[in-house]
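Asker: Below are the structure tokens for one structure; questions will follow.
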Amino acid sequence: MRHRIAVIGGGLAGLTFARVLHRHGHPVTVLERDPSPDARPPGGTLDLHEKLGQLALDKAGLLARFQALSRPEGQAMRILATDGTVLRDWQSRPDESANPEIDRGQLRDLLLGPLDVQWGRGATEVVPGTRDGVLVRFADGRQETFDLVIGADGAWSRVRPALSPATPHYTGVTLIETSLDDVDTRHPGLARLIGDGSMAVYGVNRALVAQRNSGGHVKVYAQFRAPLDWHTDLDRHMGLNRRAGLDLADAEAVRSSLLALFDGWAAPVLDLLRHGTAFVHRPLYALPVSHTWAHVPGVTLLGDAAHLMPPLGVGANLAMLEGAELAESVAAAPGPGDLDEVVHAFEEQMWARAGGWAKITTAGLERLVSPDPAEALALFDEVQPS
Ligand SMILES: Cc1cc2nc3c(=O)[nH]c(=O)nc-3n(C[C@H](O)[C@H](O)[C@H](O)COP(=O)(O)OP(=O)(O)OC[C@H]3O[C@@H](n4cnc5c(N)ncnc54)[C@H](O)[C@@H]3O)c2cc1C
């Protein structure tokens with residue numbers, strides 16, 4: 001195989017694609033916008049499903065190393081009422097391997113291994129159908145042509161416009177992320193409240209979720225239904241008797257607004273916000289459910305670039321499996337003339353599977369952050385193993 005392949009984006013989709021192709025003896029370069037691996041915090045914990053993310057790691061030859069790093073006990077899930085009453089408390093069995101958790105940074109480092117990643121190579125535009133192949137323009141002024149360009153560049157993909165006019169829309173739910181360190185020693189009461197895995201509290205159009213990562217690190221997600229510009233007028237948009245808009249860069253102002261938004265919830269639950277450090281504003285966006293495009297030779301998309309959906313525990317899993325499957329297909333293509341056919345067949349398979357999950361996660365978000373908190377509990381009762 002001597003195809004010129006560009007992987008745009010070194011997230012989980014792009015790295016898994018490159019790692020599986022590497023395993024099949026075809027090294028490929030990943031072009032990543034971030035200037036270095038540690039340019040920004042790697043994010044929270046991910047549970048990798050046996051038939052999705054773990055299958056991808058198996059295809060990459062990394063399953064045993066994942067098992068050594070992952071936290072099966074992180075599958076524990078506790079749900080509290082807003083007054084602090086424990087409504088559900090699911091523990092994971094020690095031999096339970098369906099969805100063990102791993103820190104996103106650990107997973108990324110596992111995949112990076114021997115890969116050739118060019119950092120600081122943000123793509124700005126992709127032009128298919130030039131005489132020499134698919135042209136990619138980069139922010140550093142360079143441009144190169146390839147036989148196949150894999151757009152694994154996430155929600156705000158710069159590759160996607162070459163295939164589809166779709167852009168992500170706001171789901172109506174905003175999430176504010178904060179975190180706590182050394183929770184077992186610094187906040188033992190909160191450590192007990194959260195348990196070994198995740199703890200969630202669902203109220204009217206609001207939720208607070210805390211998830212344990214490795215090393216006593218906890219990520220807390222405050223979620224609420226609100227217009228996109230909710231922070232510009234807290235009185236009008238959120239019914240919080242505060243005249244001025246909220247400066248999202250002012251951590252103390254964000255903390256105080258969140259405490260007002262979740263007013264009346266049990267004190268230990270609100271302590272998650274009182275002790276949180278930085279606050280990161282993340283309005284949730286999604287692409288249209290069942291997003292597809294007319295196939296364009298030489299360009300395709302993976303992961304969030306193809307099917308951004310609400311974060312209900314499946315996006316990273318799909319991104320990884322797609323990366324692994326496309327790499328296997330490309331490696332197995334009998335000759336250069338077959339590359340396009342295998343990519344097109346892969347797209348059909350990806351669209352069908354991702355479309356199904358997009359429906360599930362879109363409906364799931366409606367129930368998790370909803371006017372009726374009983375809906376969230378009912379959803380967990382449907383999906384948690386008894
Ligand atoms: C709060 C939250 C919690 C989540 N929890 C889970 C979970 O528990 N389980 C799960 O399965 N999923 C989860 N997800 C979803 C998951 O994070 C995504 O679906 C997953 O990261 C998608 O991987 P990706 O590689 O497609 O995109 P990304 O992870 O976004 O990676 C894209 C990469 O491309 C790079 N890039 C962007 N633009 C360019 C460019 N122009 N040129 C070059 N490089 C570029 C970016 O820097 C990045 O490295 C969660 C999401 C959120 C927001």
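The values are calculated or read from the model by the stated rules, or taken from the named source; none is laboratory data. The structure presented is a predicted model; accordingly, all values stated were derived computationally and were not measured. Because the Cβ atoms are built from the backbone with ideal geometry, glycine has one as well, and the counts that use them run over all protein chains shown.
Asker: Which of the residues that make up the range 350-386 are of a type in the set (V, I, T), over 19 Å from N99 (Cβ atoms) and under 17 Å from the mean Cα position of the chain (by Cα)? Please lay out each step first, then the result.
Answerer: Keep residues of the range 350-386 that are of a type in the set (V, I, T), which gives 360-362, 369, 383.
Imposing the further condition that a residue be over 19 Å from N99 (Cβ atoms) reduces the set to 362, 369.
Correct list: T362 only.
Asker: So which residues in the range 138-177 are among the β-branched types (V, I, T), within 12 Å of the ligand (Cβ to nearest atom) and part of a strand (DSSP E or B), if there are any at all? Even if it seems obvious, please write down each step before you answer.
Answerer: Restricting attention to the range 138-177, the residues satisfying the condition of being among the β-branched types (V, I, T) are 145, 149-150, 159, 167, 171, 173-174, 176.
Keeping just the survivors that are within 12 Å of the ligand (Cβ to nearest atom) gives 149-150, 159, 171, 173-174, 176.
Within the range 138-177, V149, I150, T171, V173, T174, I176 qualify.
Asker: Step by step: first the residues of the range 70-121, then only those that are closer than 30 Å to D271 by Cβ and among the acidic types (D, E), then the one that is modelled with the lowest pLDDT. Which residue is that?
Answerer: E96
Asker: Moving to a separate point now. When both residues are 6+ apart or on different chains and their Cβ atoms are under 6 Å apart, which pairs have a first residue that lies in the range 240-262 and is on the phi < 0 side of the Ramachandran plot, and a second that is among the β-branched types (V, I, T)?
Answerer: G245/T232
Asker: Looking only at the range 48-57, how many residues end up being near the ligand (Cβ under 7 Å from one of its atoms) and surrounded by fewer than 24 Cβ atoms within 10 Å (Cβ to Cβ)? If you could, list the steps in order and put the result at the bottom.
Answerer: Of the range 48-57, the ones near the ligand (Cβ under 7 Å from one of its atoms) are 53.
Applying the additional criterion that residues be surrounded by fewer than 24 Cβ atoms within 10 Å (Cβ to Cβ) yields none.
Total satisfying the criteria: 0.
Here's the yes/no breakdown for (1) within 11 Å of the ligand (Cβ to nearest atom); (2) over 16 Å from G323 (Cα atoms); (3) outside any helix (DSSP H, G or I):
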{"residue": "G10", "(1), (2), (3)": "yes, no, yes"}
{"residue": "L15", "(1), (2), (3)": "yes, no, no"}
{"residue": "H22", "(1), (2), (3)": "no, no, no"}
{"residue": "V30", "(1), (2), (3)": "yes, no, yes"}
{"residue": "P35", "(1), (2), (3)": "yes, yes, yes"}
{"residue": "R78", "(1), (2), (3)": "no, yes, yes"}
{"residue": "R88", "(1), (2), (3)": "no, yes, yes"}
{"residue": "L110", "(1), (2), (3)": "no, no, no"}
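For every residue, the table says whether it meets (1) buried (at least 17 other Cβ atoms within 10 Å of the Cβ); (2) touching a Phe, Trp or Tyr at 6+ places or on another chain (Cβ under 6 Å).
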position	(1), (2)
L326	yes, yes
P334	no, no
D338	no, no
H344	no, no
Q349	no, no
T361	yes, no
L365	yes, no
S370	yes, no
A378	no, no
